[in-house]
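This report refers to the structure that appears directly beneath it.
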Amino acid sequence: MRVRRLPIAIAAVAGLLAAAAAAVVFAFVFVASVDVNRYKPELVEAVRERTGRVLSIDGELSLSLLPRPGLAIGSAHLSGPGGHGEFAQFDAAQVGVALWPLLSRRLVIERVALDGLKLEAVRRRDGSTNFDDLLLRARGARAPGAHPAPAAAAAALSIASLQLRQATLGWRDEASGGEWRLQQADLEAGPIASGTPGSLRLSGRLIGKRPLTDLAIELSSGYTVDFATLATRLAGFDLKARGKAAGAFAVDARLRGEFVGDPPRGPFEISDLNLALRAGHDIAGIFAGHGSIDPERETAALSLTGTLDGSMLHAKIATSRFSPMAIRYELQADRLDLDRLRAALDRAPADAAVDGAGSEAGVHSDEHARAGDAAVFPAALAGLEASGSARIGALTLRSIHATQVTAEIRSGANRIELTRLGAAVFGGALDARATLAGSGRHALQMRLAGVDAGMAVRALFGRDALDGHGDLRIDVTAGGGTPAALSSDRWTAPRRCRFATARSSAWTWPT
């Protein structure tokens, strides 16, 4: 009996396959005959109603059935809030959907690919951004001129694969003047669905101003995001950066860790943090630590412990504001040889430059060069609002060896102020203050007690003008806007340096 039923079963399957083939052929003929470009106005209107923004589609729309059903879009532009300015554009986009779910009337986005995406995010002087309205919609609130979006819509979003090819993602802060741009970016991520684990890979070239930066980056990570609450977990986060940063210093760094955050409940927590850093060919640092980031309050904290150039080092860094950036830090080290560190940074290896640089790279390279000639070192620190303290067991700077070093430093508004420096040096004790200003006027006040005066003057000014031991007071001013202008000859020019010792009330540098 079963043998007799087999031909019937085969015939039934064949009939189903024939019907499916006929449906596919019909769908193909239907797709080929449909002019989807007539739906452009409806698509533009739908975007305007839901976001209040203007979508301009310059390219053609086309439907496809094989190898997967989908829609292809030519070049398009999306305006900023209220239809003003331009927020994003792309050269081409493809959206593919899964075939079998369509047969049961379910839409599952299988693939989204964007070529040549350009996105410009801006933070205005009043603290608002040109994407606040989109964030409000993503959180289920209503933006001015837009329809409300239920949170369930975001939670139901499911994309199997997202691809960006040769994208440019920009960020500009009008208040601080900071500007960052991720160029030549390639991204692969998926699946993208609320509460579903996924993975991503990103590569590109990060270019920044204030401080000048040009880094090739590679990022890989696993992720899980709850679209309704924005709770996020990044597992196996691995970031590599290689190139030039903070005034053309050559760096090669790798950062790994775990990130967990639940915005409604608190900040992002960073655990199992591991940072490996190499500057030039000679200086290496390996650190471990933990931290947190609170985007709503614009605060962050990071604690690192490890070794730098063979010396134990502990650092704490905290921010009280992101824009403009305000930083507080504490540093403790067994010993630091800043002469060796600076030499290693200046000896930038030839292969530290980012490959594939175009005309814009040449412009930034010129900016790096000009920054070294036109700004007081370190220019990156001078433009950053920061305050901190340091305790160093042994320090070498400009061939001067000091121990028991304590320092307090402030920077910002193109100034660096050493508000207090204490150390054991030249066989005595040091108490000093100093200011480096972008205006080109610099000052140094120094008091040395019980020191070898000849050793101190030779080390500080390269002159063999004093002998003996005693107390030495130095009050120096100098002019110049470049590192070269702060050379010893500039500081020791006649009429610019005056000294007083315990044995002589006033003494002027000899000509």
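Derivation of every value follows stated rules applied to the coordinates shown; laboratory data play no part. Since the model is a prediction, treat every value here as computed from it, not as a measurement. All Cβ positions, even for glycine, are placed from backbone atoms using ideal geometry, and neighbour counts span all protein chains on display.
At a glance:
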quantity: Pair-distance profile P(r), taking every C-alpha pair of segment 158-283, with 10 angstrom steps and integer %; calculated: 12, 32, 40, 15, 1
quantity: Residues whose placed amide H lies under 5 Å from that of A92, excluding near-sequence neighbours; calculated: D115
quantity: Where only C-alpha atoms are counted, convex hull volume of segment 386-457 per residue in Å³; calculated: 86
quantity: Shape box of segment 204-347 [Cα atoms, principal axes, largest first, Å]; calculated: 52, 33, 30
quantity: Which of R50, R233 has the fewest Cβ neighbours within 10 Å, and the rest in rising order; calculated: R50, R233
quantity: Relative exposure of L275, L215, judged by other C-beta atoms within 10 Å (fewest first); calculated: L275, L215
quantity: Residue order, fewest to most beta carbons within 10 Å, for V225, V44; calculated: V44, V225
